[in-house]
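Every read-out reported here was derived from the displayed coordinates using simple, explicitly stated rules and does not represent laboratory data. This structure is a prediction, so every number in the text was calculated from the model and none was measured. Cβ sites come from the backbone with ideal geometry, for glycine too, and all protein chains shown count toward neighbours.
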Protein chains: 2
Amino acid sequence: MNTLSYGLLALLSQGPCTGYELMLQIQPVWQAKHSQIYPLLAKMEQNGLVQFVAVPQKEKPDKKVYSITESGIAALRQWIPEPTSEPVKRDELLLKLYGVWLADPEKAVQLFEERLQTFTKRSVKLKAFLETLHKQMEEEGGTRSLSSPSFGRYILLKRALDNARMEMEWCEWALQLLREQGSLDSDSVQGNLGKRS
Amino acid sequence: MNTLSYGLLALLSQGPCTGYELMLQIQPVWQAKHSQIYPLLAKMEQNGLVQFVAVPQKEKPDKKVYSITESGIAALRQWIPEPTSEPVKRDELLLKLYGVWLADPEKAVQLFEERLQTFTKRSVKLKAFLETLHKQMEEEGGTRSLSSPSFGRYILLKRALDNARMEMEWCEWALQLLREQGSLDSDSVQGNLGKRS
DNA sequence: GAACGCATGTAAGGGGTTACATGATTTG
DNA sequence: CAAATCATGTAACCCCTTACATGCGTTC
């Protein structure tokens, strides 16, 4: 039982899911491919943490709808208060920034613009999701309550949006810095190319 | 040559470093242990991308001070404009939030308070670092310029601080939500424990 | 008609963590 | 006096990515 397994249990605690759906839902928090999830689910099923019902589909392979078992819930409850490891982040763009000073300045601009675009798109999607969830929760009666399975989804979505906004602002800030430079010494560019101390 | 190797090259483009120093410096952007970095540096040395000078130390094993070679710089320049893969994030806390609704509500509070503390500490350190860098750059003459090796460090630090602040605000927001709940229905707690639909 | 989404699985290989090994100096 | 920091390295193992494999329906 590794972290990802517990994460799958946590998602399943909110309701039955197929492996494919789990793979999609876990992406924002923990990147994992289907090739990692399917074998894990099979193992967890053998250990009695989850169970599945095969749902036949017309002209397609069976869909396996997984749900958490009582012993799965027990395992999940025991995991939550255990010491939580710190988040892991690996960002190629940030690595490139250490070396960008000896590259073409317009390459630096491109780097930031690309990232700005990805996160602009992401924030649009997230906003839409958040609104949908809001309406859902209002229909479900009460306000955002801890005891509701939607609670986790809600604060996670909010966080994702906050993060996307931060990312965008940071890109815009950096681009402004770069453009100031570019206009100030437009021909010192050649001077820095190909030289190193 | 994988991403981490290029990252090490990027760091070395800013000046000579020991493997140990590289390991420390790369942490905020790309978590890697010394056991991964030392063998990589050895390979890169064999491929002529970096070179090292052994500096003897009293009563300690030799310190290897690495520096980037001309062919290392060429490789670095070629890497920067290549397509950049999206950041990877794995956060155990966020996984736990999906399952927290069936656990003790005070466990949820603990989860957020722990994270808030870690990022409060981190932000204090980052602020100090940023001020040091600011002074350094003022002494070095010009304003924050792209052509300075410090440029990458500067925008990276700024970003790390932004991120820490966002993380803190999010924790405080979530804690407020949780405390509202706790005071509103202090005995619905038992009602939700041990039950599932 | 090529590409994407749904839907499941396996295999190989590279990337990353944990543990083993050593040893002096400094800090709490 | 124990723990952390500096400093390097190896080995085993697990985690994760990439690629292979299949097949239908829908969208551009």
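Explain nothing, just the number: relative contact order of chain A, from Cα pairs under 8 Å at least 6 residues apart, as a whole percent. Mind showing how you got there, number by number?
On the way: 143 pairs, mean separation 36.1, N = 197.
Relative contact order comes out at 18 percent.
Placing a label point 7 Å from the Cα of A:P56 along the Cα-to-Cβ direction, the distances to the matching points in the other copies come to 8.1 nm, shortest first.
Each copy carries a label point for B:L24 at 7 Å from Cα toward Cβ; from one copy, the others' points are 4.7 nm away, ordered from shortest. Counting from the shortest, the label point at B:R165, 7 Å from Cα toward Cβ, is 1.3 nm from the same position in each remaining copy. If you plug the beta carbon distance of A:E70 and A:Q36 into 1/(1 + (r/R0)^6) with R0 = 41 Å, you get a FRET efficiency near 0.95.
For the cross-link pairs A:K33/A:K121; A:K121/B:K89; A:K107/B:K121, the ones whose C-alpha atoms lie over 28 Å apart are A:K107/B:K121. About its Cα centre, the dipole of chain A is roughly 420 debye, where the only charges are +1 on Lys and Arg Cβ and -1 on Asp and Glu Cβ.
For an R0 of 51 angstrom, estimate the FRET efficiency from the Cβ-Cβ distance between A:E113 and B:V109 and round to the nearest 0.05. Please report the intermediate quantities before stating the final value.
Working: r = 41 Å, r/R0 = 0.80.
Efficiency, rounded to the nearest 0.05: 0.80.
Excluding same-chain neighbours fewer than eight residues apart, the aspartates and glutamates reachable from A:K63 by a Cα-Cα span under 18 Å are A:E21, A:E45.
The distance separating the Cα centre of the range B:129-181 from that of the range B:64-124 comes to 15 Å.
Farthest toward the positive end of the dipole of chain A, out of A:Q176, A:L11, A:L94, is the Cα of A:L11, where the dipole comes from beta carbon charges about the Cα centre.
By its C-alpha gyration tensor, with a ≥ b ≥ c as the square roots of the eigenvalues, how is the range B:3-79 shaped: rounded for a/c under 1.5, else prolate for a/b larger than b/c, else oblate? Note, shape of the range B:3-79 comes out oblate. Counting beta carbons within 10 Å around each of A:T84, B:T132 and listing the fewest first gives the order B:T132, A:T84.
Shown is the FRET efficiency for A:Q46 and A:T132, computed with R0 = 45 Å from the Cβ-Cβ distance and rounded to the nearest 0.05: 0.80. Counting, for every residue in B:150-158, the Cβ atoms of other protein chains within 10 Å of its Cβ and taking the mean gives 5.
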